[in-house]
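Report on the structure given below.
The values are calculated or read from the model by the stated rules, or taken from the named source; none is laboratory data. Being a predicted model, the structure only gives us computed values, none of them experimental. Because the Cβ atoms are built from the backbone with ideal geometry, glycine has one as well, and the counts that use them run over all protein chains shown.
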Amino acid sequence: MLQRCAAVLAAAIMTVACAQTDAGITTNVKTKLAADDTVKAYKVDVDTRNGVVTLSGNVDSAAAKDQAIQIARQTDGVRDVIDQLHVGEAAATAGRDNDVDVDVDTNIDDRAGAAARSAGAEIKEESREAADKAGNVADKAGAAITDAAITSAVKSKFLADTTVKGLQIDVDTSNGMVTLNGNVSSRAEADRAMTIARNTDGVKSVHDNLKVAR
């Protein structure tokens, strides 16, 4: 009986320890951001080093920025939060009929080097170039798929999958290319993680750095 209790306690300690690794903290913060109605999680990138969380990217309002910082601070294992969020920079909006009407202000014109002043398709194309150079890419329906959004989507799928131990796998995305790092219990788990990542919207390729624990 004592041996069984000790085993249960050890498993609980291991679960808490895994959840408070940098990768676990990043995953927990991104999952909370994705579930929050105020914060647009696909525009927020989360990076954790030694329990210090850095939030970067663009949000739609000061309220969304404050909410994101509060969510990060209230996540288990977080020691501090560094705010690098920007409010309302290079935002692209879309109409219901896939006709994008974008008001390009002077700041966007300066960053993109384009003087888009007319309506219609010409504004749509020139404003998309401005958004690209500012780091926010909008598709024809106005839905942005950023590296942060891809990372968040892959990690959320890992957490929902019964085969993959999502908290033990770190996901990094650069220009649509996903790199998986961490330890897995079997080759089958690694293959499953690779398949999930490849089948996520916006992913161009997947690099496998997973190690099978002995």
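Miscellaneous remarks
- Flag for Leu159 being within 19 Å of the chain's Cα centre (by Cα) and at pLDDT 90 or above: yes
- Test: residue in region 187-199 that is outside any helix (DSSP H, G or I) and among the hydrophobic types (A, V, I, L, M, F, W, C): no
- Neighbours by Cβ (under 6 Å, 6+ apart or cross-chain): first from region 137-158, at negative phi; second of a type in the set (Val, Ile, Thr) and modelled with pLDDT under 55: Ala144/Val137
- Members of region 30-75 that are touching a strand residue (DSSP E or B) at 6+ places or on another chain (Cβ under 7 Å), under 19 Å from Thr151 (Cβ atoms) and of a type outside the set (A, V, I, L, M, F, W, C): Lys30, Lys40, Tyr42, Lys43, Asp45, Asp47, Thr54, Ser56, Gly57, Asn58
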